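Reading through the structure tokens given below for one structure.
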Amino acid sequence: MNASHDSQAPRAQQAKDTGTSAILCRGLGKSYRIYDKPMHRLWDLMGVLRKPAREFWALRNVYLDIPPGSTVGIIGENGAGKSTLLKLLTGITQPTEGEVAVRGRVASLLELGAGFHPEFSGRDNIRLNCRVLGMNEDEVEQRFAGIVAFSELGDFIDRPVKTYSSGMYVRLGFAVAASLEPDVLLIDEALSVGDEHFRGKCINRLNQLRESGKTIVFVSHDIGAVKSMCQWVVLLDKGEVVGQGSAESVADEYLKRAHARGNVQMSALRGTSTYPHWGSGEIELTEVEMFGHGGKATLVFQPGEPFRIRLHYKASKDCVSPVFGVGLYRADGTYVNGVNHLWREKPIQFGSVRAGETGVVELEAPRLALLQGQYYLTTFLYDHSKAAPTAIDHREHVLTFQVVDARRLQHGLLYLPYRWRVERKSAEGTAEILESES
Amino acid sequence: MRALLSSLFEHRRLVLDMVRRDLRARYVGSAMGFFWSVVFPILNLVVYMFVFSFVLETRWEDGQDPRMVALIMLTGIVVWQTFAETMSRSTNTLVENQNLIQKVVFPSEVLPVFLTLSALANMLIGAGIALLGVVYFGYVADVDAAPAASGVVRSLAIGPAILSLPVLMLLQAIFSAGLGFLFSALNLYMRDVYHLMGVALSVWMFLTPIFYPANMVQKAGLEWVLKINPMYWLIESYRRVLLYGLWPQVRIVGVFALVALLVFAIGSQFFQSQKPRFPDLL
């Protein structure tokens, strides 16, 4: 709910002519001054700063022309300037250069429930929030019942907001925001919260707005989500528009950039892990590599791609029956998969290893079975000659890698190679079989 | 300043809602709510009566009744606390409400104003208790007015001068809001302003004759301290009106009004000129 509303109000200085567009940006740019010390900001204000402040352009040279009634996605990594662009469109901050013009009433779901007061009941907060969002008394009265119903809070509506769960909080926030009936709605991944049922309601509401010809701008770093909702996508990178067009064409560009970035990270990460590792140390892992499509070293993968992990080792002392293993974890710590070369139908046995030996252990999967997300790799090197395996070199979180899913063929956590088959028989008796391999 | 005033007028309902919310927040969160706002001034009254009147034996006039001394102090305290509360809350209000400023198009000039009004509304309780004290000690218990050395006999009384109370409150509001605008905006440039404000307020409080009579300062030859202290003028005016039923001195109120308007003009000008940068400074 946070939102901003009437651009007719004198304080929103953006009620310029947009022509026939809903949103028009010409050479839009926003820079922030970065000071070495906080005090310099004050000196600068008084005009006595000796060394000029550094300028940081969060956004520059943005040209956008969005026709009314379209649904537009804006994607980019963190720090690409998405939030800054939203703030400029909303009128929360003023551009440093260029122009921005938005036609009609703007509502932004930047942060649901901004300005809720914890001590007050949901009812009181609705009233106050509506006011903050710029509704007048009549509008508040008119929509009050609808907001209460939409939030589905039941008896909780009369309890203090501090007793709400985070899901309820968001529901109340969205209920207020949804009642705004804006001409232009800006959404910042606000929908990724709440339960399935409520998310469905939110999406219905969005579809309603879309059908009634409202303009929707959807901001995300998830290319898949953007693709499913938007016809036109704008790709931001380091504060500039680097691609603009249909969802498919921009998705390709996005992937290319993700690969480039992932590979830069890879060389930076190698061997410098700050995560814990332990073990007796007879054998040490010297390098961990990952390879993707076409055997290229990378840390960015697509679901279903071939996938290979390589562990390089070096033994400094003699040792018996070492076993190498690998654990895959999702960024939130969920243990996705763990394997080693001993616990298999056909185990590989090392036997004894002499000091000075080096080698490479490799494991390969024809198809990466993970869907979009951040993952990390933990490597295990254990001595299995004793009753219970003991660590020789256990390394937590050696590599972080990403799975980027531009095609969005499947949803959830795992990419499963299903085969589809449909058999149809018409009334006349003709039969048809449809099949899909992947 | 005109843009700021018209924006405040445009958002008057929002200001009122926020004042109402704030007043309720003072009382809703604690179990006994409103009760505290009444109990605190009374408790203050009793404590000051004890400490300053019996232990330290502060007197405004020779042979003055301690209950009268307590009322004089209470009036000063109530006005000062209202002012101090407005100042310290206003200074931090933009930082505290950064959610609104960064995520919503929000008329930030509303914030210092609603804090000022909320504090003044709360002051009415303290002022009411002071008036009750005047009625009780002045008419029921009939405390003797001391035969003053100065020859001017002031006795506790309520008179038509009470009508000037709204004027004093309005001027106080202009003065505090002006300072609130200035310091809330400055605090974004240097967060230490908020901490400095706490120190400055306590120094200022002890430089203002609240717990001691002004003539002690005069006797010490430091009269200039009083002459440059607008809060002294304001508190003395409140005391005349609330305690003795006298009209405030036109000259003093006039000068205070000028200072208040000047402060408001400077504060609102600065606030307005910096306002576009607020979201970037948080």
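The values are calculated or read from the model by the stated rules, or taken from the named source; none is laboratory data. Since the model is a prediction, treat every value here as computed from it, not as a measurement. Quick reminder, even Gly has a Cβ in these numbers, built from the backbone with ideal geometry, and neighbours come from all protein chains shown.
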Test set (1) of a type in the set (Phe, Trp, Tyr); (2) modelled with pLDDT of 90 or more; (3) under 26 Å from residue A:369 (Cα atoms) - residue A:301 fails condition number: (2)
Residue count for the stretch B:195-225, restricted to those that are surrounded by fewer than 17 Cβ atoms within 10 Å (Cβ to Cβ) and hydroxyl-bearing (Ser, Thr, Tyr): 1
Residues in the stretch A:351-393 that are over 19 Å from residue A:276 (Cα atoms), of a type in the set (Val, Ile, Thr) and surrounded by 15 or more Cβ atoms within 10 Å (Cβ to Cβ) total 2
Filtered residues of the stretch B:202-232 (kept if within 22 Å of residue B:176 (Cα to Cα) and of a type in the set (Ser, Thr, Tyr)): B:202, B:208, B:232
Hey, any hits in the stretch A:57-79 for a residue that's farther than 28 Å from residue B:274 by Cα, in contact with a Ser or Thr (Cβ under 9 Å, 6 or more places away or on another chain) and of a type in the set (Ser, Thr, Tyr)? yes
With the checklist (1) touching a helix residue (DSSP H, G or I) at 6+ places or on another chain (Cβ under 8 Å); (2) within 14 Å of chain A (Cβ to nearest Cβ); (3) of a type in the set (D, E, K, R) in hand, flag the one item residue B:103 doesn't pass. (1)
Residue check, residue A:47 out of contact with any Cys (no Cβ under 7 Å at 6 or more places or on another chain), surrounded by fewer than 17 Cβ atoms within 10 Å (Cβ to Cβ) and modelled with pLDDT under 85: yes
Options B:109, B:96, B:85; residue that is more than 14 Å from every other protein chain (Cβ to nearest Cβ) and among the acidic types (Asp, Glu): B:85
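On the basis of being under 28 Å from residue A:412 (Cβ atoms), among the charged types (D, E, K, R) and free of Cβ contacts under 8 Å to residues at least 40 places away in the same chain, does residue A:318 make the cut?
On the way: under 28 Å from residue A:412 (Cβ atoms): no; among the charged types (D, E, K, R): yes; free of Cβ contacts under 8 Å to residues at least 40 places away in the same chain: yes.
Against the criterion (under 28 Å from residue A:412 (Cβ atoms), among the charged types (D, E, K, R) and free of Cβ contacts under 8 Å to residues at least 40 places away in the same chain), residue A:318 does not qualify.
Grab the helices (runs of 4 or more DSSP H) fully contained in the stretch A:68-153, keeping just those with 1 or more residues being under 24 Å from residue A:55 (Cα atoms) and more than 9 Å from chain B (Cβ to nearest Cβ). Walk me through it before giving the result.
Details: elements: A:82-90, A:122-132, A:137-151.
It comes to A:82-90.
If I go through the stretch A:293-315 residue by residue, how many of them are touching a Pro at 6+ places or on another chain (Cβ under 9 Å) and free of Cβ contacts under 8 Å to residues at least 24 places away in the same chain? Write out each step before concluding.
The initial filter retains those residues of the stretch A:293-315 that are touching a Pro at 6+ places or on another chain (Cβ under 9 Å), namely A:293-295, A:304, A:306-307, A:313, A:315.
Retained after the next criterion (residues that are free of Cβ contacts under 8 Å to residues at least 24 places away in the same chain): A:293-295.
Number satisfying all stated conditions: 3.
Condition check: modelled with pLDDT under 90, surrounded by fewer than 24 Cβ atoms within 10 Å (Cβ to Cβ) and not hydrophobic (A, V, I, L, M, F, W, C). Does residue B:96 satisfy that? Working first, answer last.
Numbers: modelled with pLDDT under 90: yes; surrounded by fewer than 24 Cβ atoms within 10 Å (Cβ to Cβ): yes; not hydrophobic (A, V, I, L, M, F, W, C): yes.
Here the answer is yes, as residue B:96 does meet what is asked.
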Residue in the stretch A:256-264 that is in contact with a helix residue (DSSP H, G or I) (Cβ under 7 Å, 6 or more places away or on another chain) and at pLDDT 70 or above present: no
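Which members of the stretch A:39-67 meet the condition of being within 20 Å of residue A:93 (Cβ to Cβ), of a type outside the set (Asp, Glu) and either in contact with a helix residue (DSSP H, G or I) (Cβ under 9 Å, 6 or more places away or on another chain) or more than 14 Å from every other protein chain (Cβ to nearest Cβ) (or both)? Even if it seems obvious, please write down each step before you answer.
Of the stretch A:39-67, the ones within 20 Å of residue A:93 (Cβ to Cβ) are A:41, A:44-45, A:53-64, A:66.
Right, trim to of a type outside the set (Asp, Glu) and you get A:41, A:45, A:53-54, A:56-64, A:66.
Across the stretch A:39-67, the qualifying residues are A:41, A:45, A:53, A:54, A:58, A:59, A:60, A:61, A:62, A:63, A:64, A:66.
Within the stretch B:3-26, which residues are more than 8 Å from chain A (Cβ to nearest Cβ) and more than 16 Å from residue A:133 (Cβ to Cβ)? Spell out the reasoning first.
To start, the set of residues in the stretch B:3-26 that are more than 8 Å from chain A (Cβ to nearest Cβ) comprises B:4-5, B:8-9, B:11-12, B:15-16, B:19-20, B:22-23, B:26.
Passing the criteria: B:4, B:5, B:8, B:9, B:12, B:16, B:19, B:20, B:22, B:23, B:26.
If you take just the strands (runs of 3 or more DSSP E) that sit entirely in the stretch A:371-438, which of them hold at least 2 residues that are under 22 Å from residue A:337 (Cα atoms)?
On the way: elements: A:373-383, A:394-403, A:420-425, A:431-436.
Ranges flagged: A:373-383, A:394-403.
So, in the stretch B:238-259, exactly how many residues are part of a helix (DSSP H, G or I) and in contact (Cβ under 8 Å) with a residue 60 or more places away in the chain? Break it down stepwise before answering.
Our first condition is that a residue be part of a helix (DSSP H, G or I); within the stretch B:238-259, this holds for B:238-244, B:250-259.
Remaining after also requiring in contact (Cβ under 8 Å) with a residue 60 or more places away in the chain: B:238-244, B:253, B:256-257, B:259.
Selection size over the stretch B:238-259: 11.
Is it fair to say residue A:437 is farther than 30 Å from residue A:317 by Cβ, exposed (fewer than 10 other Cβ atoms within 10 Å of the Cβ) and at pLDDT 85 or above?
no
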